[in-house]
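Engineer: There's a structure below that I have some questions on.
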């Protein structure tokens, strides 16, 4: 009897799990992969609810597609990419840079941001002399440059084999790395600079040029290649751009002048 009861419980939980997954993947839902800690694009408010430019964008897109928006927090950039590849999310919205390499593996629909020709590098208290290029950061092999794993900035650093790179999970961890001398420098998305410079006046920033192959074309909504959603989302973005909705969100979240 005990064995039968255990089997009954097991199959009940299995069926419940399958039912829950099917409910989430309902065609009436738009499952949006993102993660918090990336203000003003995505963060948590005082009540623990998601907010930010990308959350508002996701809501507007869902309305255009006549779907219910469901947020799936994937933890970090690698988690986001895995979730998209495994079909656990429909789209990714997390200020993800459009690069040549990413375009080979997924559809990226532009929705915000400008072409990136430089990226900022952050130091604590002062900028060392002799830093004119990204390669100069590797003049001393003992000095570490930390970067958030899976980001566009990581892709750039990996193209410079002389750099001593350390990977971290969150950009907040990178700030602690340079603050306490564990890393020499770090880099992040330019849109995040105002928040961190206001919080930590000791941060010093230098912008270093990118090679043409390293530059980006703004931020894109990631969708699996050959997905039926690609054209639908592209049309939604075109409409939101034409009616000024995206401009209004940029003003709301302080992105209008970035």
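Rule-based calculations on the coordinates, nothing more; no lab input. In this text, all values refer to a predicted model and were calculated from it rather than measured experimentally. Quick reminder, even Gly has a Cβ in these numbers, built from the backbone with ideal geometry, and neighbours come from all protein chains shown.
Engineer: Relative to a virtual label point 7 Å from the Cα of residue 200 in the Cα→beta-carbon direction, which members of the stretch 155-187 show backbone nitrogen distances below 17 Å?
Structural biologist: 166-187
Engineer: Counting every Cα pair in the chain, what percent are over 32 Å apart? Kindly include the intermediate steps, with their values, before the conclusion.
Structural biologist: Values: 9869 of 33153 pairs.
When every Cα pair of the chain is considered, 30 percent fall beyond 32 Å.
Engineer: Mean separation of Cα pairs under 8 Å and 6+ residues apart, divided by the residue count of the stretch 118-214: what relative contact order is that in percent?
Structural biologist: Values: 147 pairs, mean separation 45.6, N = 97.
After rounding, I find 47 percent.
Engineer: Can you give me the P(r) profile for the stretch 118-214? Cα pairs, bins 5 angstrom wide beginning at 0, each as a whole percent.
Structural biologist: So the P(r) values, bin by bin, are 2, 14, 28, 29, 19, 6, 1.
Engineer: Below 8 Å, C-alpha to C-alpha, sequence gap of six or more: please give me the relative contact order for the chain in percent. Present the calculation step by step, with values, prior to reporting the outcome.
Structural biologist: Numbers: 406 pairs, mean separation 66.2, N = 258.
The value is 26 percent.
Engineer: Can you pull the Rg over Rh of the stretch 133-178, Cα-only, Kirkwood? Display every interim value, and only then the final one.
Structural biologist: On the way: Rg = 10.2 Å, Rh = 10.7 Å.
Rg divided by Rh gives 0.95.
Engineer: In Å, what Kirkwood hydrodynamic radius results for the stretch 189-233 from the alpha-carbon pair distances? Working shown, then result.
Structural biologist: On the way: mean 1/r = 0.0704 Å⁻¹.
Mean inverse Cα-Cα distance, inverted, gives 14.2 Å.
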